[in-house]
1. How do the pairs read when you match residues in the stretch 14-39 that are under 16 Å from LEU50 (Cα atoms) with residues anywhere that are of a type in the set (Val, Ile, Thr) and part of a loop (DSSP other than H, G, I, E, B), using Cβ under 8 Å and keeping only pairs 6 or more apart or on different chains?
2. Keeping to the stretch 10-38, report how many residues are part of a helix (DSSP H, G or I), modelled with pLDDT of 90 or more and either among the β-branched types (Val, Ile, Thr) or over 11 Å from GLY62 (Cα atoms) (or both).
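The values are calculated or read from the model by the stated rules, or taken from the named source; none is laboratory data. Given the structure is predicted, the values throughout are model-derived calculations rather than measurements. Ideal geometry is used to build each Cβ from the backbone, glycine not excepted, and the neighbour counts take in all protein chains shown.
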Amino acid sequence: MIYLGAIGPIQLILICVVLIFPIIAIVDIVKSDFKGENDKLIWILITIFLGLIGTLLYFIIGTKQKIQTKS
């Protein structure tokens, strides 16, 4: 059994958010096409090295740089 110490439910939710949102962002980056040649690599590096701040930057700024495909 894993001992979580004094971690309560709110802290556990925050930990999950900090771990899950960057993974969602990286999957979205890998699946998308961007206007610039190196934009995909740059956004992956920003998301990995800046963590939650990089993830928020991607969802605010980076999604506007994707090439929109018509389905």
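1. Hits for this filter: ILE15/ILE7.
2. Applying the first criterion (part of a helix (DSSP H, G or I)) to the stretch 10-38 yields 10-31.
Filter again for modelled with pLDDT of 90 or more, leaving 20-31.
When the remaining residues are screened for being either among the β-branched types (Val, Ile, Thr) or over 11 Å from GLY62 (Cα atoms) (or both), the result is 20-24, 26-27, 29-31.
Counting residues in the stretch 10-38 that are part of a helix (DSSP H, G or I), modelled with pLDDT of 90 or more and either among the β-branched types (Val, Ile, Thr) or over 11 Å from GLY62 (Cα atoms) (or both) gives 10.
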